[in-house]
Amino acid sequence: MITAKLIDHIWATRKADALNGYKLMLVEIIGGRNAGERMVVADVISAGIGDRVIVTTGSAARRMLGDDNLPIDAVIVGIIDGDCKFDERAPT
Amino acid sequence: MITAKLIDHIWATRKADALNGYKLMLVEIIGGRNAGERMVVADVISAGIGDRVIVTTGSAARRMLGDDNLPIDAVIVGIIDGDCKFDERAPT
Amino acid sequence: MITAKLIDHIWATRKADALNGYKLMLVEIIGGRNAGERMVVADVISAGIGDRVIVTTGSAARRMLGDDNLPIDAVIVGIIDGDCKFDERAPT
Amino acid sequence: MITAKLIDHIWATRKADALNGYKLMLVEIIGGRNAGERMVVADVISAGIGDRVIVTTGSAARRMLGDDNLPIDAVIVGIIDGDCKFDERAPT
Amino acid sequence: MITAKLIDHIWATRKADALNGYKLMLVEIIGGRNAGERMVVADVISAGIGDRVIVTTGSAARRMLGDDNLPIDAVIVGIIDGDCKFDERAPT
């Protein structure tokens, strides 16, 4: 999984039927050498912009959504506690 | 998933039989540290060059196409709305 | 698999129900060109901060946990012996 | 999928039995920020050195080969037409 | 698959039970832009330190080992012949 910050909504009116009803959000990886990479994730736990989240990618992402036929490869699996002070810096 | 821009068609007369009938397009990732990476994706929702799209990769890509035996690892799952103003810049 | 160092705990009160009971840790890759990348992993072998560990990613991660329905894509599969002196430097 | 150029053969006399009969080739990614990355791919459509090809990676690669038990994670799925003039440059 | 050089053993006394009996080795990718990345792989074809090998990653790795329940995501599938003179340099 990776740690990321929610930075925006992504709106797509024309999309795969299977994606109807899913909220898609843009996240940016925080911490470490891959900080700054972005991806689009599905959110089913009502995270908000600015939240730090844990994202699961690959085939495991569909497990949270309970439907192995979804064309979704990344999903928010947790919202990191506000008082969880892990090191968010990129290495120098 | 990733956000990308459609930049060209890819034509391949000699190809796996299973790919017959699929439109293959070249996309370039937009936004974030991985901006500028390119990949070839299948398009079944009639996107056009210049469109900003959402691409699903890995085993999830085959889910949209409804055939688990396709040798396809990336597919367009949505066209981002023209008035969706997310930050497309790479981080400085 | 990758070699990594355990650097912190990650706490998330709001998370996928399936993650309840799993200890999530932040690791940083050691050695080689990808040194410094971080990821969140599940720990079921009681590793501690500072330990050097082996991490399996992707669908293989769920195999260790014995539940193919977990939204987990990275897991600690071993703790590297303290006297195992492999080269941990990044290439120059 | 990715676009790549075939640059060499890879010969391995000692190998997994399941790989017997498969031609393994070295390719280099062309175009975009990941240009210059190399990988070993299986070729079953008789591509030649210098050809520009489309490569599918991950579990989808086995789909083209019709055997889900092969330890192969990348395969050539098409040869790009000689007159297909997509932009092969890396971004500046 | 990728081409890599075997550079060391990795010893882990505390590990997943399923890994018992597997020899784990550290490899470094050779050639191309990703040269210098390292990973831990399982070896079942008795490769030695200094050998140049072909490594399969992802779910395909388990196929060589004949057990879909192993928490292993990378395996040596071949030893590159000593007289196979492919270009091992990174691009300039």
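The values are calculated or read from the model by the stated rules, or taken from the named source; none is laboratory data. Remember, it's a predicted structure, so these values are computed and weren't measured experimentally. Every residue, glycine among them, receives a Cβ derived from its backbone with ideal geometry; neighbour counts consider all protein chains shown. Just so you know, the surface numbers come from the protein's heavy atoms only, side chains and all, with ligands and any DNA or RNA stripped out. Shrake-Rupley method; radii C 1.70, N 1.55, O 1.52, S 1.80 Å.
What does the charge dipole of region B:2-79 about its Cα centre add up to, to the nearest 20 debye, if the Cβ of each Lys and Arg holds +1 and the Cβ of each Asp and Glu holds -1? Intermediate values should be presented prior to the final figure.
Working: 9 positive and 9 negative charges, 24 e Å.
Approximately 120 debye in magnitude.
Taking each label point as 7 Å beyond Cα in the direction of the beta carbon, state the distances from B:ARG89 to the same residue in the other copies, shortest first, in nm.
2.4, 2.4, 3.8, 3.8
If the reach is capped at under 22 angstrom between alpha carbons, list the lysines near A:LYS23, excluding any in the same chain fewer than eight residues apart.
A:LYS23 reaches A:LYS5, A:LYS15, B:LYS5, B:LYS85, C:LYS15.
I'd like the FRET efficiency for B:LEU65 and D:ALA18, computed as 1/(1 + (r/R0)^6) with the beta carbon distance as r and R0 of 22 Å, rounded to 0.05.
On the way: r = 27 Å, r/R0 = 1.22.
About 0.25, to the nearest 0.05.
Say R0 is 25 Å: what FRET efficiency, to the nearest 0.05, do B:TRP11 and D:HIS9 get from their beta-carbon distance? Each step should come with its number before you reach the end.
Numbers: r = 26 Å, r/R0 = 1.04.
Computed FRET efficiency for B:TRP11 and D:HIS9: 0.45.
Taking the rotation that carries D onto C, look along its axis and tell me which residue of D has the beta carbon nearest to it, distance in whole angstrom.
Residue nearest the D-to-C axis, with distance in whole Å: D:SER59, 4.
Inter-copy label distances at C:ASP68, 7 Å along the Cα→beta-carbon direction, one decimal in nm, shortest first?
Between copies, matching label points for C:ASP68 lie 0.5, 0.5, 0.9, 0.9 nm apart.
For label points placed 7 Å from Cα toward Cβ, what is the shortest-first list of nm distances from D:ASP17 to its copies?
Here the equivalent label points are 2.8, 2.8, 4.6, 4.6 nm apart from this one.
Give me the base-10 log of I(q)/I(0) for chain B at each q in 0.19, 0.21, 0.22 Å⁻¹, Debye formula, one uniform scatterer per Cα, rounded to two decimals.
Here log10 of I(q) over I(0) equals -0.86, -1.02, -1.10.
So, with a 1.4 angstrom probe, what is the percent of accessible area on chain B that is carbon and sulfur?
Details: 1630 of 3610 Å².
Reported share for carbon and sulfur atoms: 45 percent.
With label points built 7 Å along Cα→Cβ from the Cα atoms of B:ALA90 and D:ASP81, find their separation and express it in nm.
Spacing of the two 7 Å Cα→Cβ label points: 3.2 nm.
Could you quote the convex hull projected area for the protein assembly as shown, Cα atoms only and averaged over all directions, in nm²?
20.2 nm²
Could you calculate the FRET efficiency of A:VAL44 with B:VAL44 from 1/(1 + (r/R0)^6), where r is the beta carbon distance between them and R0 is 22 Å, rounded to 0.05?
The pair A:VAL44/B:VAL44 has a calculated efficiency of 0.30.
Out of the trypsin sites (Lys or Arg not before Pro) in region B:28-92, which ones are loop residues according to DSSP with at most 15 other C-beta atoms within 10 Å? Display every interim value, and only then the final one.
Values: sites: B:ARG33, B:ARG38, B:ARG52, B:ARG62, B:ARG63, B:LYS85, B:ARG89; in loops: B:ARG33, B:LYS85, B:ARG89.
Passing both the DSSP loop test and the Cβ count: B:LYS85, B:ARG89.
For region D:12-77 and region E:1-42, what is the centre-to-centre distance using only Cα atoms, to the nearest Å?
Their Cα centres are 21 Å away from one another.
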